[in-house]
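Report on the following structure.
The values are calculated or read from the model by the stated rules, or taken from the named source; none is laboratory data. Remember, it's a predicted structure, so these values are computed and weren't measured experimentally. Quick reminder, even Gly has a Cβ in these numbers, built from the backbone with ideal geometry, and neighbours come from all protein chains shown. Protein only, heavy atoms only, side chains kept; ligands, DNA and RNA dropped before computing areas. Shrake-Rupley method; radii C 1.70, N 1.55, O 1.52, S 1.80 Å.
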Amino acid sequence: QVQLVESGGGLVQPGGSLRLSCAASGSIFSINSINAMGWYRQAPGKQRELVAAITGGGSTNYAASVKGRFTISRDKAKITVYLQMNSLKPEDTAVYYCNTYPFLPGWGQGTQVTVSS
């Protein structure tokens, strides 16, 4: 079993940047079995949505709303997935989660991102 812990959220002004991290821990066998990883977010009153995903080979895909502003990357040796978020907008405010892609049941606590002046 793998545990995923998100960090790096906070309060930022519109146009600012944040870098989120997702660290995996647990069974090495389970960690090595993970291929694609994703960042998801859930804003108040909205459904959770995929923000960005990255495969083991490094291929990426992004939600249209964040393309060109967010970058997902992965340090496979440390099994850490990052989400660099630039040019943040108030509509990016949400709790951000990481999970496999497609996601598996069970979510961590996430990390809150608030974009506000």
Q | segment 74-97 - residue that is modelled with pLDDT under 95 and outside any loop (DSSP other than H, G, I, E, B) and, of those, surrounded by the most Cβ atoms within 10 Å (Cβ to Cβ) | A | Val81
Q | Enumeration of residues in segment 98-115 that are assigned to a strand (DSSP E or B) and open to solvent by 60 Å² or more (accessible area, probe 1.4 Å) | A | Gln112
Q.
One residue is enough: does segment 14-27 have a residue meeting the conditions surrounded by 12 or more Cβ atoms within 10 Å (Cβ to Cβ), modelled with pLDDT of 95 or more and farther than 25 Å from Ser116 by Cβ?
A. no
Q. With segment 1-71 as the region, which strands (runs of 3 or more DSSP E) entirely inside it contain at least 3 residues that are in contact (Cβ under 8 Å) with a residue 40 or more places away in the chain?
A. 2-7, 10-12, 18-26, 37-42, 49-54
